[in-house]
1. Which pairs break 31 Å Cα to Cα here: LYS143/LYS252; LYS143/LYS298; LYS143/LYS284; LYS133/LYS298; LYS252/LYS298?
2. In whole Hz and in residue order, list the ³J(HN,Hα) couplings for segment 151-163 that follow from phi through the Karplus curve 6.51 cos²θ - 1.76 cosθ + 1.60, θ = phi - 60°; x for Gly and Pro.
3. Can you pull the percent of Cα pairs in segment 73-330 with separation above 35 Å?
4. Can you sort HIS263, HIS225 by how many other beta carbons sit within 10 Å, fewest first?
5. Take ILE250, ILE140 and order them by how many other Cβ atoms sit within 10 Å, fewest up front.
6. Hey, fewest Cβ within 10 Å first, where do LYS127, LYS252 land in order?
7. Between rounded, prolate and oblate, where does segment 230-299 land on the alpha carbon gyration tensor, with a ≥ b ≥ c its root eigenvalues, rounded for a/c under 1.5, else prolate if a/b exceeds b/c?
8. How big is the gap, in Å, between the Cα center of segment 286-333 and the Cα center of segment 230-270?
Amino acid sequence: MKVMLLWILCFPVLLYGQTENNEKRASQGVQGQLNEVEAQLNKEEQEDDYLPEEPPVPKTIAQRAKDANGLLEQRAEREVTSSDNPFVLTPHRPNYFLPFTFNPRPNESAFLGDKADDEDLDKVEFKFQLSFKFPVAYNIVGKNTSLWFAYTQQSYWQAYNGAISAPFRDTNYEPEVFIVTQPNVSLFDVKPSYISYGFDHQSNGQSDTLSRSWNRLYVDIMFEHGDTVYSIKPWYRIPESEEEDENPNIEKYLGYGEFRVFHVIDDYSIDMMLRNNLRSSENKGAIELGFTFPLWGKSRGYIQYFNGYGQSLLGYDKSSQTLGVGIMLTNWF
């Protein structure tokens with residue numbers, strides 16, 4: 001009887017304790033679930049922080065030039081960067097491949113007597129130009145002067161003419177040495193950005209009657225206005241003796257200098273070269289037009305038109321007209 005009475009008195013206490021323990025366990029379970037959810041959310045936020053950022057939209061030529069205070073300044077900065085890298089060649093003139101260059105009258109001088117009468121040169125050939133330079137010394141004549149060596153090669157390849165073993169119709173080799181300065185003078189309120197003084201040798205590497213070569217001293221004055229760069233490049237041909245002169249009248253066809261204009265519109269560029277012998281009688285000259293446009297990635301399409309004399313040395317005294325389509329590797333700017 002006493003035991004039963006004791007059980008009756010203690011049962012509510014035991015029941016309350018059991019209920020309290022259940023509530024604690026339930027509360028701990030809910031709290032654990034909340035902690036797991038919070039941990040999962042934190043993990044997802046951290047993963048979001050490590051997601052790669054979307055690549056920036058590439059800037060156009062005009063935008064990059066504006067950031068660098070002009071096309072010439074942009075080129076100068078890139079040349080300094082590339083010249084400091086021993087594994088990089090600094091571009092000099094444009095580098096391009098024009099696998100489809102139409103020439104209605106290709107010069108056959110180099111092949112006279114070496115092919116059958118019924119084997120003609122193709123009117124479509126592969127033209128390409130490779131050009132690079134590297135600095136020899138900096139600050140050689142005061143500050144902001146540098147000495148450079150450059151090499152340019154331009155080839156005309158009958159790549160699709162299997163009948164005569166796809167020869168190179170002509171190749172011009174052009175090494176040069178020049179000093180670049182940044183003058184602090186102006187003429188008629190126009191301040192040139194860069195002036196180059198150089199020696200240029202150009203030849204076609206042939207011998208005997210097919211050999212062509214000449215040496216020049218030149219001054220290249222470059223200045224810009226907005227998105228346009230101008231270049232005035234007069235030259236003086238170094239005289240040779242009559243016995244050694246392989247092209248005594250080359251100035252009659254190539255003149256005494258050339259004028260270039262380069263202009264950018266967003267991510268497109270237009271360039272023009274003009275030459276003229278400045279003679280009232282037997283006036284001769286040449287014009288070259290180029291247009292580049294974006295393709296994919298860093299690739300750029302290139303269309304080139306030439307009309308006049310002196311496109312290549314072998315036929316400097318023969319007028320030619322060509323239209324080429326291909327890829328521009330590096331441009332003037």
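1. On the way: LYS143/LYS252 39 Å; LYS143/LYS298 35 Å; LYS143/LYS284 41 Å; LYS133/LYS298 22 Å; LYS252/LYS298 41 Å.
From the list (LYS143/LYS252; LYS143/LYS298; LYS143/LYS284; LYS133/LYS298; LYS252/LYS298), the Cα-Cα distance tops 31 Å for LYS143/LYS252; LYS143/LYS298; LYS143/LYS284; LYS252/LYS298.
2. 3J(HN,Hα) across segment 151-163, in whole Hz: 9, 10, 10, 10, 10, 10, 10, 7, 5, 9, 9, x, 4.
3. Details: 5930 of 33153 pairs.
Of all Cα-Cα pairs in segment 73-330, 18 percent lie more than 35 Å apart.
4. Ranked by crowding around the Cβ, least crowded first: HIS225, HIS263.
5. ILE140, ILE250
6. Sorted ascending by nearby Cβ count, the order is LYS252, LYS127.
7. Prolate shape, in that a/c is at least 1.5 and a/b is the bigger ratio.
8. First find each Cα centre; the distance between them is then 16 Å.
Each value in this text was obtained by applying a stated rule to the coordinates, not by laboratory testing. Model, not experiment: these values are computed from the prediction. For neighbour counting, all protein chains shown are included, and Cβ atoms are generated from backbone atoms with ideal geometry for every residue, glycine included.
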